[in-house]
Amino acid sequence: MTRLNARLPYQILTFALFAAAWELYARARGGLLLPGFFETLRATGALLAEPELWRALYVSNQALVLGFAIALALGIPLGILLGRFRTLERYADVWLNILLVTPMAAIIPLLVMWTGIGLTSRTALVTVFSIVMVIVNSRAGVRQVDPSLIEMARSFGAREREIFTRVLLPGALPAVMTGVRLGLGRAVTGMVIVELLMISDGVGGLILEYRGLLKAPPLYATIVIILAEALLLISAARWCERRLTHWSRTTATRANLAGSPK
Amino acid sequence: MIEIHGLSKTFTDRRGDTVTALDDARLDVAENEFLTLLGPSGCGKTTLLKCIAGLVPYDSGTIEIDGRPIQGPGPDRAMVFQNFALLPWASVVDNVAFGLRLRGVARAEREERARELVATMGLAGFEKKLPGELSGGMQQRVGIARALAVQPQVLLMDEPFGAVDEQTRRLLQEELLALWEEQRPTVVFVTHSMEEAVLLGDRVALMSARPGRVAELVPVDLPRPRARGGGPDRSGVYAELTAYLWDRLREMHEEHRTVRTGAPA
């Protein structure tokens, strides 16, 4: 926590610079479609009082919660199995690569064709967006567990099940949590993109609606609220990560893990 | 106590070549004996130890402990690792209690026994610390305590002091000697140091590489207890033995070099 507090002044400073630049540009350029920073703030306040926003957030987050829960329930065990049993990798590698490199927006039409325009396809998209981060990081987590710990456990009579529960799972936890945090970011992205591109519903639908009506301030306010939600969720994930994996900061084991928090 | 006959073990390396680690190795270790295994690097001494631990399957031969052939790891043996192999997320007490936990000892009992051993190893006050917060020497004390916690008949130690600095090593050697002289477990101790082999062992089993087998058993005729007053007199028998062991090891290294350069490319 001390680190967070130490960084806070810098974050406030850069945010103030950003807000000032935005406000100045909006005033210099003027026009209906570019509200200033303060006007956006006012619009955000106003929008928060609208039941329409809360309905949209509810709709969107349904897909987020369901889709991300599925991503975790499938992704963590799958990643751990892939990390432990290398032969499985031969089957999974190509699919993981596809998931990693495909522009996900491109498969939205397919998903919609398969599952219709409803909660199912929005949920599926959130899962597809986020699961790869969860799998890849869980797999890396298991791989980076020191093999001598497995040997040690075996020397004290551990069976495969105990090696999983006492060595591999706790050892992989920091990386799994990193995957959860990165996956969450992608899940929010997926949630909004599907609503913007195919299924006009939820907060994405709200953006489209305000854009169609040329209502710039509430449009901006919606985006601010989506960003705020994303930041909140990721901070919560980071907080959990710190709480659960305090030990990993006493060792250098995860210094080279992609996306690990400092 | 431990009887090893005709033990052979080959590995396949990354390029698919067959490497003979042990070839018809034989060794007997007596009850309550402190045996040190010394040899040039790559002679298979760690492999031999891991075979005794039941961690590495061997191709042929037998390993018996009190007449029973070993089948995998067992509660009669506990191992101490060169790199400590402590669980980085578990406290000192939980690490020491790890073997007991795997053996289904109830929480209260295993914690009590772990705390006693933590105190024996001079780590009182560090019970709740994580391994990453300890120095290398302290970490290995935890590793030794973890092995002692399961009350093994045989303590297998794989270059346990190889990863700590010279001064810490001296301290740990003296502590181990004091501990052994009090409790007299059977110990097989792998080392690459002639001095360590002589200082600690009742006998030194000198291993040769290619073939990996015990080339010679050297009795160490130094009085015990050796732990007190900074260890035994380092002149006399001690100096003679380490010099003799180095002569033998150097011969092995030279033979190895001739074999290498003499072989057709």
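All of the numbers you see were taken from the coordinates with simple rules; none came from a lab. Model, not experiment: these values are computed from the prediction. Note that we place each Cβ from the backbone using ideal geometry, even for glycine, and neighbour counts take in every protein chain shown.
Please give, to one decimal in nm, the separation of the simple spin-label points placed at A:Arg7 and B:His5, each 7 Å out from Cα toward the Cβ.
Taking the simple label geometry, A:Arg7 and B:His5 are separated by 6.6 nm.
Most exposed first by the Cβ proxy, i.e. fewest other Cβ within 10 Å, how do B:Tyr58, A:Tyr25 rank?
A:Tyr25, B:Tyr58
Name the aspartates and glutamates eligible as straight-distance cross-link partners of B:Lys129: C-alpha to C-alpha under 14 Å, and not fewer than 8 places from it in the same chain.
Leaving aside aspartates and glutamates fewer than 8 places away in the same chain, those within reach of B:Lys129 are B:Asp94.
Report, in degrees rounded to the nearest 10, the 0 to 90 angle that the Cα long axis of helix B:107-120 makes with the longest principal axis of chain B.
Once rounded, the angle reads 70 degrees.
Filter the trypsin sites (Lys or Arg not before Pro) in the stretch B:78-148 down to the DSSP loop ones having no more than 11 other Cβ atoms within 10 Å, then list what survives.
Filter output for the stretch B:78-148: B:Lys128.
With Cβ to Cβ distances under 13 Å as the rule, what net charge do the other residues near A:Val65 carry (K, R +1; D, E -1)?
Net charge in that neighbourhood comes out at 0.
Can you list the DSSP H helices in chain A whose Cα atoms extend at least 30 Å along the helix axis and whose mean Kyte-Doolittle hydropathy is 1.0 or higher?
Both cut-offs are met by A:51-84, A:119-143, A:169-197, A:216-244.
Which trypsin sites (Lys or Arg not before Pro) in the stretch B:164-265 sit in a loop by DSSP (not H, G, I, E or B) and have at most 14 other Cβ atoms within 10 Å of their own Cβ?
Filter output for the stretch B:164-265: B:Arg234.
Under a straight-distance cross-link criterion of Cα-Cα below 21 Å, which lysines are reachable from B:Lys9, leaving out those fewer than 8 residues away in the same chain?
Qualifying lysines at Cα under 21 Å: B:Lys45, B:Lys50.
What 222 nm value per residue comes from the helices of the protein assembly as shown, counting each DSSP H run with n ≥ 4 as -39,500 (n - 2.57) and dividing by all residues, nearest 500 deg cm²/dmol?
Calculated from helices alone, the mean residue ellipticity at 222 nm is -19000 deg cm²/dmol.
Can you put B:Leu249, A:Leu232 in order, fewest other beta carbons within 10 Å first?
If I rank by nearby Cβ atoms, fewest first, I get A:Leu232, B:Leu249.
I'd like the orientation of helix B:237-262 relative to chain B: the angle between its Cα long axis and the longest Cα principal axis, in ° from 0 to 90, rounded to 10.
With both axes taken from Cα atoms, the answer is about 50 degrees.
Within the protein assembly as shown, what percent of beta bridges assigned by DSSP are antiparallel, to the nearest 5?
55
So which GluC sites (Glu not before Pro) in the stretch B:1-70 pass both tests, a DSSP loop state and at most 16 other Cβ atoms within 10 Å of the Cβ?
B:Glu31
Can you tell me how chain A classifies by the Cα gyration tensor, rounded, prolate or oblate, using a/c under 1.5 as the rounded cut?
oblate
Go ahead and run the numbers for FRET between B:Glu166 and A:Ala228, Cβ-Cβ distance against an R0 of 45 Å, rounding to 0.05.
Efficiency, rounded to the nearest 0.05: 0.20.
In degrees between 0 and 90, to the nearest 10, how far off the longest principal axis of chain B does helix B:136-149 point, with axes built from Cα atoms?
With rounding to tens, the tilt is 80 degrees.
Relative contact order for chain A: what percent, with Cα pairs under 8 Å and sequence separation of 6 or more?
Relative contact order of chain A: 26 percent.
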